[in-house]
1. Counting helices only, and only those DSSP H runs with n ≥ 4, report the 222 nm mean residue ellipticity of the chain as the sum of -39,500 (n - 2.57) divided by its residues, in deg cm²/dmol to the nearest 500.
2. How much length is gained if the chain between residue 282 and residue 566 is pulled fully straight, taking 0.36 nm per residue apart and subtracting their Cα-Cα distance, in nm to one decimal?
3. Write down the Kirkwood hydrodynamic radius of the stretch 41-128, to one decimal in angstroms, obtained as one divided by the mean of 1/r over all alpha carbon pairs.
4. For the stretch 202-282, just the Cα atoms, rotate onto the principal axes and tell me the three extents in Å, largest first.
5. If you take the C-alpha gyration tensor of the stretch 382-631, multiply each eigenvalue by 5 and take the square root, what semi-axes do you get, largest first, in whole Å?
6. What is the stretch 5-370's relative contact order, in percent, from Cα pairs under 8 angstrom and six or more apart in sequence?
7. Can you tell me the orientation of helix 380-399 relative to the chain, as the angle in degrees between its alpha-carbon axis and the longest Cα principal axis, to the nearest 10?
8. Would you mind listing how long the stretch 441-514 runs along its three principal axes, going by Cα atoms, in whole Å with the largest first?
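What follows draws every value from the coordinates through simple rules; no lab data is involved. Please read these numbers as outputs of a predicted model, since none were measured by experiment. Cβ atoms come from the backbone with ideal geometry, glycine included; neighbour counts cover every protein chain shown.
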């Protein structure tokens, strides 16, 4: 196929935002869409090669897989094995075991499935997984496995039928992605059925460019090509700058970067302004090493975070991002390029070395897993401390009523089931013996801790929230909007509740005055008196702190920003009292520690409360004037009808 420099430039436009996004650079909040750009490019290039060789009569499955092995595996295995000594020396046993499981999943091309089952892409814990980014490689590898077979099977029936089937599959996949981004967001993000439409979009472009009727009247005028290719670039840049982790993805929103990529491939030739931008030597150079850059960047960030007991600075992360480029150049020159040379390494060697690499990775992974992450690297007391963290984390899921009163993103049954069976008041066996309080607690996983804290001190409150659920209607994920609209509908028929506590671990964006105004306006419509609970201090890399018995430095930034004078003054003007969660938590110990005077843990991870932490925090919360005087000190004005069933 004819080489197009602008495609390599487009690869640079894809990989750099991904790197800056994982570095935590706020300007690139939608940088993750670079992966979607890669998918379209990959689908286009692979299909072009297959179709060209089919037309020439030279295509074979063996040669296709040989090319994929040469392209993907040498650099991938090199980076994976380069990670192992750092994993050995810096990771805790549970982290090392987790790393080993991902190690095996990468070698067997199902890491997207493994990471889906293990955690979410946007979670803090995900930032500590060095191989998390390989989920996208697994998507492509699974596509490579099935797509050529699909083309071979349909080839005798003609290209027109093949194209229409590709369009049908793409449409179904896109609609599934739109539905799944709300109901099953984690699975939708990671799995092939909801991603394949992006690759097939590239495939359809290849069919069009190879087999379009080359008649004079079908050729667009130059000005149209200029406009459409530049529009494509604008679409990609807009998605990079405007999208963020709250954007449902890969839903219809993903059409912006993918269609933008399609427009550039279709019309952004080297004669256009966009093509000339992308053909810039610097962008083309970065595009050539983009695969290695993609492989290197996330392990660098992850190990920097693993090694640290506080959040690495933006300057360090940015420096590591730029460091990934020279490292990528070296692995491109000395690993990628040599293995693509058929004279240096023949097909037999490529297949033999690939199988040997896969077998070695699997063996290493299994040994690490069976040894429990070689926990004998730690002392007996350190192992006990780590085991306690793990156990407390599991217990917290039960305590916050995960998937009963608090929606977990990884629920196998989905949001519809959660809303149908949600029952956190009248029909709850755990409510027996608890004093009912006229309080509704809403928000993200930190709000679930507030409800659990009150419950552990004898008060039953109505709890409804979900992981990552913003309280700002303009920033709400669609599933969160459904959760809260369900709450609004049901509260109309239930007059007992008087107070609504907004209890999130807010982002900086959610703490602007504009966002606060949107939140208050939205929640006032629920007809209850609002109470604002500020953010909590967080402890970075808790397992490492526990192992080292280091006190650590709590991260106060967001917590302090959520109680700044400007914001508190605005809330008071809106008659919304403020409970300072940071001061309450810090009052539990003399130095605002993650453990009490008996070295018992108050948190189970960065900031979520353990059973002891919930008990102690609840005790402090009940002493706060807003709760003790205004809410719990006097009987509710309206009483609940205990004989009335409410379909929660």
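1. Working: 27 runs with 377 residues, N = 648.
When only DSSP H runs of four or more count, the value is -19000 deg cm²/dmol.
2. Working: separation 284, 0.36 × 284 = 102.24 nm, distance 4.51 nm.
The residue 282-residue 566 span can extend by a further 97.7 nm.
3. Details: mean 1/r = 0.0638 Å⁻¹.
With all distinct Cα pairs of the stretch 41-128 included, I get 15.7 Å.
4. 46, 28, 21
5. Working: eigenvalues 148, 93, 63 Å².
Values for the stretch 382-631, descending: 27, 22, 18 Å.
6. 34
7. Helix 380-399 sits roughly 80 degrees off the main axis of the chain.
8. Principal extents (largest minus smallest coordinate, Cα): 34, 27, 22 Å.
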